[in-house]
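Some notes on the structure that comes next.
Only the coordinates and a few stated rules stand behind these numbers; no lab work does. What you are looking at is a predicted structure, and each value in this text was computed from that prediction instead of being measured. Note that each Cβ is placed from the backbone with ideal geometry, even for glycine, and that neighbours are counted across all protein chains shown.
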Amino acid sequence: MSELALLKKDVVDVVTEKIRTFQENKELHLPPDYSVENAMKSAWLTLQETTDKDGKLALEVCTKDSIANALLDMAVQGLNPAKKQCYFVPYGKKLVLMRSYHGSKAVVKRVAKAQDVYAQVVYKGDDFVYSIENGRKKIIKHEQKIENVVSGNILAAYCVITFPDGRPDYVDIMTIDQIKKAWSQGKTYKEDGNSTHQKFDEEMAKKTVINRACKAYINASSDDSLLLYHFNRTEEAIAEAEVDEEIAENANMETIDIHGEVQSDEPEQATDTEGPGF
């Protein structure tokens, strides 16, 4: 049996069996149209092409435990990489699952029986009014002229979760400062940079507010402890892996003290001053 086949047997098959056990014990309720087997096949194909920042295959550099945990996080949340609902990201020797905003929308629709999840961006010059009633935000009016839609002119973004059963809409609003603070938690964003956040600021702002709204609603409305654990573990695992990777990178850097005395062939009395800033 090849090394890849052994890894699949040790990881994918074990996780699939664990999910079956959760279902048999009534600890996990997945959507009727969600196939664990299909999701695992899709994930395995994706993992065989996933590489780290150095171009090394994730299956070769990441630990079995981290691969298994990432697959378990995926399956418990009912996500599928083929639908762009999640991604696998290697950080050093750890593989973590990164849920996309499509994935967050899928989870809130499944768990909270939401009808729709959508977001809009508020630009300078827009007529935007909202109120807060009994602690809930409500969009009163949002009128926008096409000339307001200018990159770099975003003031805020909001997400609305709607329901088919008469429940009031759930609304979350983020100012651009809050959005940028969320972006700054990742490694790719820099305030004066030219990353995806600057090039596609509207789409990135929408994704950020959707993820936050879905997370807040799911944590407030669900009593499924297994789902909540893996839903929240996704972000926690990324943060932990980033720290571990940074520590490992810094550990490989040797600090050399170059503030020593400058050697000179001049007589000893001529060397009583320090070198020029070495």
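Structural remarks
- Residues being more than 26 Å from residue 111 (Cα to Cα) and not in a loop (DSSP other than H, G, I, E, B) - total across the stretch 155-203: 15
- Restricted to the stretch 137-179, and to residues there that are in contact (Cβ under 8 Å) with a residue 24 or more places away in the chain and among the charged types (D, E, K, R), the residue that is surrounded by the most Cβ atoms within 10 Å (Cβ to Cβ) is 172.
- Within the stretch 1-73, helices (runs of 4 or more DSSP H) holding 3 or more residues that are closer than 24 Å to residue 110 by Cα, touching a Lys or Arg at 6+ places or on another chain (Cβ under 6 Å) and in contact (Cβ under 8 Å) with a residue 12 or more places away in the chain: none
- Scope the stretch 199-228; condition loosely packed, with under 14 Cβ neighbours inside 10 Å and closer than 25 Å to residue 169 by Cα; matching residues: 219, 220, 223, 225
- Of the candidates 73, 52, 33, the single residue that is charged (D, E, K, R), closer than 30 Å to residue 167 by Cα and surrounded by 16 or more Cβ atoms within 10 Å (Cβ to Cβ) is 73.
- In the stretch 95-105, the residue that is nearest to residue 62 (Cα to Cα) out of those that are surrounded by fewer than 24 Cβ atoms within 10 Å (Cβ to Cβ) and not basic (Lys, Arg) is 98.
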